């Protein structure tokens with residue numbers, strides 16, 4: 001490709017093994033559950049890569065990274081076949097003058113479509129996260145009442161206690177937010193007792 005695609009690559013694109021396409025951003029947790037994938041290449045090739053991922057297969061990047069979609073099941077409900085699969089809304093922008101396209105897949109668990117009790121994923125451009133967006137996700141998944149003004153405290157304490165944890169990412173920053181009500185309840189209780197939370 002001799003023309004630059006300006007404005008779509010947050011990081012240097014990495015080739016996808018076996019395809020004439022590149023990945024410029026991804027986020028995936030330790031369980032190989034993809035939260036975000038951004039691809040560049042010919043539209044038909046990107047559609048093929050999308051199909052492979054939706055079928056539950058793995059793609060490999062030229063740097064050795066393997067990516068796969070989330071199944072929607074976690075440790076506590078693996079035996080429950082009624083558990084819904086994670087949806088991947090996608091957006092495609094076509095650049096007809098250079099015969100290329102940009103496809104972005106984002107897991108519903110990284111959007112406000114996340115369900116109560118589901119692990120959610122916060123995606124951010126900066127390494128300090130986004131407490132307001134974190135609170136919006138947290139508020140949908142954790143069944144404990146809280147005030148939006150508590151977001152910075154919940155974010156910091158969540159990181160300190162491991163219920164918010166950084167996940168592997170390229171071209172962005174990402175964190176998993178665990179919906180463990182007991183752990184969050186203790187964090188809030190400590191904040192109230194110490195008068196940090198009002």
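Assorted remarks:
- Verdict on residue 143 being part of a helix (DSSP H, G or I), out of contact with any strand residue (DSSP E or B) (no Cβ under 7 Å at 6 or more places or on another chain), surrounded by fewer than 18 Cβ atoms within 10 Å (Cβ to Cβ) and touching a residue at least 12 places away in the same chain (Cβ under 8 Å): no
- Within segment 12-34, if we keep just the residues that are surrounded by fewer than 17 Cβ atoms within 10 Å (Cβ to Cβ) and farther than 17 Å from residue 167 by Cα, the residue that is modelled with the lowest pLDDT turns out to be 12.
- Pick from segment 89-125, criterion in a loop (DSSP other than H, G, I, E, B), touching a residue at least 60 places away in the same chain (Cβ under 8 Å) and under 14 Å from the mean Cα position of the chain (by Cα), ranking: farthest from residue 177 (Cα to Cα): 125
- Answer residue from segment 158-172, given it is without any contact (Cβ under 8 Å) to a residue 24 or more places away in the chain and not in a helix (DSSP H, G or I) and is farthest from the chain's Cα centre (by Cα) among those: 162
- The set of residues from segment 35-48 being touching a strand residue (DSSP E or B) at 6+ places or on another chain (Cβ under 6 Å) and either modelled with pLDDT under 90 or part of a helix (DSSP H, G or I) (or both) comprises 43, 46.
The values are calculated or read from the model by the stated rules, or taken from the named source; none is laboratory data. Values in this document were obtained by computation on a predicted structure and should not be read as measured data. All Cβ positions, glycine included, derive from the backbone under ideal geometry; neighbour counts span all protein chains shown.
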